[in-house]
1. Tell me, which residue of the stretch 60-78 that is of a type in the set (A, V, I, L, M) and assigned to a loop (DSSP other than H, G, I, E, B) is modelled with the highest pLDDT?
2. Just to check your reading of the model, which residue among V289, V262 is over 21 Å from A175 (Cα atoms) and modelled with pLDDT of 95 or more?
3. Quick check on this structure: which one of A147, A175 is touching a residue at least 12 places away in the same chain (Cβ under 8 Å), within 17 Å of T322 (Cβ to Cβ) and open to solvent by less than 40 Å² (accessible area, probe 1.4 Å)?
4. Being exposed (fewer than 12 other Cβ atoms within 10 Å of the Cβ), touching a helix residue (DSSP H, G or I) at 6+ places or on another chain (Cβ under 9 Å) and in contact (Cβ under 8 Å) with a residue 12 or more places away in the chain narrows it down to one of E287, E272, E277, so name that one.
5. Do we have F263 as under 20 Å from the mean Cα position of the chain (by Cα), loosely packed, with under 13 Cβ neighbours inside 10 Å and either not in a helix (DSSP H, G or I) or not hydroxyl-bearing (S, T, Y) (or both) here?
6. So, of the residues in the stretch 298-329 that are acidic (D, E) and modelled with pLDDT under 95, which turns out to be most open to solvent (accessible area, probe 1.4 Å)?
7. Quick one: is Y171 among the aromatic types (F, W, Y) and assigned to a helix (DSSP H, G or I)?
8. Kindly indicate which of V250, V156, V238 is modelled with pLDDT under 95, crowded, with 22+ Cβ neighbours inside 10 Å and not acidic (D, E).
Amino acid sequence: MKKITIAIMIIAIFLAGCSGQSTTEQAEKEYKIGIMLSDSGLGDESFNDSAFQGLEQARDELGVLFDYKEAPDGNYEEKITELVEEKYDLIIGLGFSVKDALESVAKQYPEQQFLLIDEQSELENIVSLTFKEQEGSFLVGMVAAMASKTGKIGFVGGVDTPLIHHFEMGYIDGAKHYNPEIEIVTEYVGSFDDAEAGSAIAADFIKNDVDFLYHAAGFSGFGMIKKAEEAGVFAAGVDSDQFFIAEKAVVTSMLKNVNTAVFQIAQTLQEEGSISEKSYLFGLSEEGVGLAPIRNITLTAEQQAAIEKAQEEIVSGKITVTSEKENSQ
């Protein structure tokens with residue numbers, strides 16, 4: 001009987017040692033993430049920079065290694081393939097413009113795990129991560145309607161796609177929620193990296209008494225914000241807090257917390273060794289979107305309460321924010 005008991009104890013100690021060794025190996029492994037940036041690249045003060053910040057946080061706090069690629073010529077497939085060959089545990093494709101190239105490479109390397117941000121893919125080895133941009137934009141629209149003196153506000157989009165419609169339609173919904181009589185004008189640049197074109201659209205809006213501008217246009221939106229400051233009208237940034245681009249003009253920004261999402265993915269990779277979920281969706285309730293601090297205007301207590309109430313009703317489902325245009329493809 002004693003021999004059996006001793007044998008059981010030896011087996012238990014052996015198994016515990018193996019388990020401990022496995023856990024230690026998991027913790028000691030240096031995970032590597034590669035990211036393919038979207039077309040406007042690093043330094044856009046917006047989408048790309050936010051994702052990069054999330055990876056920097058993962059490096060500093062978790063010890064995750066990372067590198068990035070840019071493709072100013074649009075040859076994403078070549079750069080993504082380079083990341084695969086460099087043996088990254090996870091490869092991120094940032095933005096809908098990267099989707100086709102990412103899927104093409106993913107088909108060639110079915111054992112490699114990929115993450116697509118801002119679009120959805122049905123491929124087994126691609127995890128999709130998207131945001132409810134319309135919910136954060138709804139709050140920006142409310143602020144715009146509160147700040148406007150002329151009753152005319154504007155929206156500048158980058159490329160006319162269903163994703164950018166989320167920003168536009170949410171902005172319109174929010175503005176009309178606060179002031180049903182508000183007038184909203186919209187125009188698309190056709191590019192995310194043309195600051196001069198963004199500035200020119202803003203100038204046309206301002207000539208027509210638009211006194212609050214919001215964008216979802218990457219670096220093209222940088223031009224819009226600078227023109228707003230030059231003309232002495234208000235603006236709202238996007239993706240990250242863009243106040244420091246034009247401190248006299250930017251009232252708030254629609255925070256699309258790509259940095260938070262990327263950090264959480266890196267943390268999951270380190271803890272679990274891979275990403276098991278097929279898709280993620282970040283909205284107000286998940287703190288994936290929100291408002292940057294309000295500056296340059298002072299909201300009344302009633303206005304602040306209205307914003308807080310709207311946020312609560314969006315989270316509860318009482319308010320459903322429009323995300324698509326009618327007949328949009």
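1. V64
2. Exactly one of V289, V262 is over 21 Å from A175 (Cα atoms) and modelled with pLDDT of 95 or more, namely V262.
3. A175
4. Working: E287 fails: exposed (fewer than 12 other Cβ atoms within 10 Å of the Cβ); E272 fails: in contact (Cβ under 8 Å) with a residue 12 or more places away in the chain.
Answer to the selection: E277.
5. Spelling it out, it is not the case that F263 is under 20 Å from the mean Cα position of the chain (by Cα), loosely packed, with under 13 Cβ neighbours inside 10 Å and either not in a helix (DSSP H, G or I) or not hydroxyl-bearing (S, T, Y) (or both).
6. Per the stated criteria, the residue is E326.
7. On the way: among the aromatic types (F, W, Y): yes; assigned to a helix (DSSP H, G or I): yes.
Here the answer is yes, as Y171 does meet what is asked.
8. Details: V250 fails: modelled with pLDDT under 95; V156 fails: modelled with pLDDT under 95.
Only one candidate qualifies: V238.
The values are calculated or read from the model by the stated rules, or taken from the named source; none is laboratory data. It should be emphasised that the depicted structure is a prediction, and the values quoted were computed from it without experimental measurement. Note that each Cβ is placed from the backbone with ideal geometry, even for glycine, and that neighbours are counted across all protein chains shown. Ligands, DNA and RNA are stripped out before the accessible areas are found, and what is left, the full protein with its side chains, is counted by its heavy atoms. Shrake-Rupley method; radii C 1.70, N 1.55, O 1.52, S 1.80 Å.
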